[in-house]
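What follows is calculated from the coordinates using simple rules that are stated; it is not laboratory data. Note that the coordinates shown come from a computational prediction; the quantities given were computed from them, not determined experimentally. Glycine also receives a Cβ, built like all others from the backbone with ideal geometry; neighbour counts cover every protein chain displayed.
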Amino acid sequence: MSLGQRLKISRIKKNLKQIDAAKKLNVSSNVLSSYERDIRDPDTASLLRIAQFYEVSTDYLLGNNNEYSAPRHPLEPVVEEFINEVNLEDYSFLQEELDEESKMMIKTLLESSLNIISNLKQHKE
């Protein structure tokens with residue numbers, strides 16, 4: 001399946017007309033149409049914006065992954081970002097230095113929260 005076909009499927013799964021999706025993506029309907037008909041490929045920044053808007057991965061759109069991504073819970077990216085970027089030693093409110101086991105426990109709890117969010121989402125579907 002081509003990039004254009006995947007873009008069209010993603011738009012349809014969002015129940016959007018081409019003109020409406022184009023407005024929300026801040027491109028002309030002619031540009032979106034040319035993407036969907038494989039006449040033109042979006043640049044990298046546009047592809048990322050489109051993937052985020054349709055709530056799919058760029059790998060899915062580019063054909064590297066055939067699994068259509070389900071919408072994510074709004075908290076998932078926040079928790080993921082926290083897990084990836086937090087440096088627990090920066091938190092001065094923790095009066096004593098955390099040992100490695102405590103740091104690992106906190107990280108595990110955060111990762112577990114992502115799993116809980118994912119499970120809740122699956123049970124809703």
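Considering the stretch 54-67 alone, what residues qualify as being crowded, with 16+ Cβ neighbours inside 10 Å and touching a helix residue (DSSP H, G or I) at 6+ places or on another chain (Cβ under 6 Å)?
If we filter the stretch 54-67 for residues that are crowded, with 16+ Cβ neighbours inside 10 Å, which is where we start, we get 54, 56, 60-61.
Answer for the stretch 54-67, where residues must be crowded, with 16+ Cβ neighbours inside 10 Å and touching a helix residue (DSSP H, G or I) at 6+ places or on another chain (Cβ under 6 Å): TYR54, VAL56, LEU61.
From the list ARG6, ARG49, ARG37, exactly one residue is charged (D, E, K, R), buried (at least 17 other Cβ atoms within 10 Å of the Cβ) and closer than 20 Å to ASN66 by Cα. Which is it?
Result of the check over ARG6, ARG49, ARG37: ARG6.
Scanning the stretch 1-10 for residues being of a type in the set (S, T, N, Q) and part of a helix (DSSP H, G or I) gives a total of 2.
Tell me, which residue of the stretch 28-58 that is β-branched (Val, Ile, Thr) and within 20 Å of the chain's Cα centre (by Cα) is farthest from ASN15 (Cα to Cα)? Break it down into steps so the answer makes sense when it comes.
Kept after step one, since they are β-branched (Val, Ile, Thr), are these residues of the stretch 28-58: 31, 39, 44, 50, 56, 58.
This time we only want the ones that are within 20 Å of the chain's Cα centre (by Cα), so: 44, 50, 56, 58.
Values: THR44: 24, ILE50: 15, VAL56: 15, THR58: 20 Å.
Step by step, filter the stretch 28-58, then rank; the result is THR44.
For the subset of the stretch 11-45 comprising residues that are acidic (Asp, Glu) and outside any loop (DSSP other than H, G, I, E, B), which member is nearest to VAL56 (Cα to Cα)? Give the derivation first.
Taking the stretch 11-45 and keeping what is acidic (Asp, Glu), we get 20, 36, 38, 41, 43.
Still in the list and also outside any loop (DSSP other than H, G, I, E, B): 20, 36.
Working: ASP20: 18, GLU36: 16 Å.
Only one residue tops the list, namely GLU36.
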